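Worksheet for the structure shown next.
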Amino acid sequence: MKIDLHTHSNVSDGTEPPAGVAAAAAAAGLDAFALTDHDSTAGWTEAASAAADLGLTFVPGMEISCRSAEGISVHVLSYLHDPDDAGLLEEVERSRDARMTRAERMVDRLAEDFPISWQRVAEHVSPGATVGRPHIADALVAAGVVEDRSEAFKQILTAHSPYFISHYAPEATAAVALVRAAGGVPVFAHPVASSRGRVVSEHTFTEMIDAGLLGLEVDHRDNPEEGRAWLRRLAARHDLLMTGSSDYHGAGKLNRLGECLTSEETLDRIEELGTGSRVIRP
Ligand code: AMP
Ligand code: FE
Ligand code: FE
Ligand code: ZN
């Protein structure tokens, strides 16, 4: 079975609607995929029904933007949590609100130097979607400032740029505990992705494991090979699940569906451990 447990639709910063992600998953020869939009589960219903039509297994998921105690950006994937759990909802809604204010403030700064406005950015955000820097990148592309999202991130939108503003995000340990309380299976996304910025200390891994972390996303294009070997040892030591996934964003990133995969045994374990919602099999 070909299983890819990390994808984004236009419910966050992917470029296709959830049904389009399902169609792309079928076209890529996948048997199962998870939709893991940033801080939102709004795409689950559409993705699940498209997956059923296509004969694919659907795994409901979400990617939660968090921060470590040292202030480093951390992403936690949650699988099979209850989408209506009040504690988790409150935190992701707070993040989503903060993302909106933050994006508007970043656009104010950018508008001093580039031909963009909040209205131009909003044209690239689907109704109700979680707003992120990729949408600002799309407006910069449309204005002819950069060629694509990657160039926008390299030159203008990185965390080191004077235009960058951070947003509220729950602490990673708190998010892990909330996912567990919501019946979900928390997996640390691209944990050693040094190309994205600073990587957390081993101490933070330990704290997240103590808080209830159940897995590590080992195979991801942004994890360097030495880092993956270290993650495999850590997973063995703490009996954690190991996943592999693409982090597909449609046309918004080079990541291709199925470029990294998760084993069937691991998906079965996730299914056993997750109690807040269900894997939908054809
Ligand atoms: P934000 O959520 O606003 O902090 O923006 C981070 C998001 O931007 C990540 O979830 C990635 O999907 C996306 N991103 C980061 N780097 C790149 C890149 N080089 N090209 C395209 N998208 C990127
Ligand atoms: Fe993203
Ligand atoms: Fe991520
Ligand atoms: Zn992602």
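Values in this text are rule-based calculations from the coordinates and carry no lab data. Bear in mind that the values here come from a model prediction, so they are computed numbers and not experimental data. When we count neighbours, we look across all protein chains shown, and the Cβ atoms used for this are built from the backbone with ideal geometry, even at glycine.
How big is the stretch 30-98 on each of its three principal axes, counting only the C-alpha atoms and giving the largest first in Å?
Result for the stretch 30-98: principal-axis Cα extents of 43, 23, 17 Å.
Starting from a Cα-only point model with no solvent, please compute log10 I(q)/I(0) by Debye for the chain at q = 0.10, 0.16 1/Å.
Once normalised to I(0) and log-transformed, intensities are -0.48, -1.29.
How far apart, in nanometres, would the label points at S126 and E265 be if each is projected 7 angstrom from Cα along the Cα-to-Cβ direction?
My value for the distance between the label points is 3.6 nm.
7 Å from Cα along Cα→Cβ at both H203 and A174: what's the point-to-point distance in nm?
1.9
Please report Rg (one decimal) and Dmax (integer) in Å for the Cα set of the stretch 156-250.
Just the Cα atoms of the stretch 156-250 yield Rg and Dmax of 14.2, 42 Å.
Show me, for the stretch 192-201, the HN-Hα J-couplings you get by feeding each phi into the Karplus relation (A = 6.51, B = -1.76, C = 1.60, θ = phi - 60°), rounded to Hz, glycine and proline as x.
10, 6, 5, 5, 8, x, 5, 9, 5, 6
Quick check on the exposure proxy: order R102, R232, R237 from fewest to most C-beta atoms within 10 angstrom. Could the numbers behind the result be given before it?
Values: R102 19, R232 15, R237 9.
In order of increasing Cβ crowding within 10 Å: R237, R232, R102.
Once you sort the root eigenvalues of the Cα gyration tensor of the stretch 79-133 as a ≥ b ≥ c, which label holds: rounded (a/c under 1.5), prolate (a/b larger than b/c) or oblate (the other case)? Don't skip to the answer; put the middle values down first.
On the way: a/c = 3.98, a/b = 2.49, b/c = 1.60.
Prolate is the answer for the stretch 79-133, as a/c is 1.5 or above and a/b outweighs b/c.
In the stretch 1-75, what GluC sites (Glu not before Pro) fall in a loop by DSSP, with at most 12 other Cβ atoms inside 10 Å?
Numbers: sites: E46, E63, E70; in loops: E70.
Qualifying residues, ordered by number: E70.
Report, to the nearest 10°, how far helix 18-27 tilts away from the longest principal axis of the Cα atoms in the chain, using its own Cα long axis and a range of 0 to 90°.
Approximately 60 degrees, to the nearest ten.
How would H124, H75 line up from fewest to most surrounding beta-carbon atoms within 10 angstrom?
On the way: H124 19, H75 23.
Ranking H124, H75 by Cβ neighbours within 10 Å, fewest first, gives H124, H75.
Report the trypsin sites (Lys or Arg not before Pro) located in the stretch 130-222 that are in a DSSP loop and have at most 15 other Cβ atoms inside 10 Å of their Cβ, or state none. Provide the component values of the computation, followed by the final result.
Details: sites: R149, K154, R180, R196, R198, R221; in loops: R198, R221.
Here the trypsin sites (Lys or Arg not before Pro) that fit, given the DSSP loop and packing criteria, are R198.
By how many degrees, between 0 and 90 and to the nearest 10, does the Cα long axis of helix 202-211 differ from the longest principal axis of the chain?
60
Can you bin the stretch 106-210 into rounded, prolate or oblate? Criterion: square roots of the alpha carbon gyration tensor eigenvalues sorted a ≥ b ≥ c, rounded for a/c under 1.5, prolate for a/b above b/c, oblate for the rest.
Values: a/c = 2.76, a/b = 1.90, b/c = 1.45.
Taking the square roots of the gyration eigenvalues as a ≥ b ≥ c, the stretch 106-210 is prolate.
Provide, for q = 0.14, 0.16, 0.18 Å⁻¹, the log10 of I(q)/I(0) from a solvent-free Debye sum over equal Cα point scatterers in the stretch 209-282.
Debye output, listed in q order: -0.53, -0.69, -0.85.
Given the options D39, D247, D97, state which has the largest fluctuation in a GNM of the chain using a 10 Å cut-off (strictly under) for Cα springs.
Top of the fluctuation ranking is D97.
Using the Cβ atoms and a cut-off under 11 Å, what net charge is assigned to the surroundings of V21, where Lys and Arg are +1 and Asp and Glu are -1? Display every interim value, and only then the final one.
Numbers: positive: none; negative: D4, E16, D37, E46.
Counting the neighbours of V21, the net charge comes to -4.
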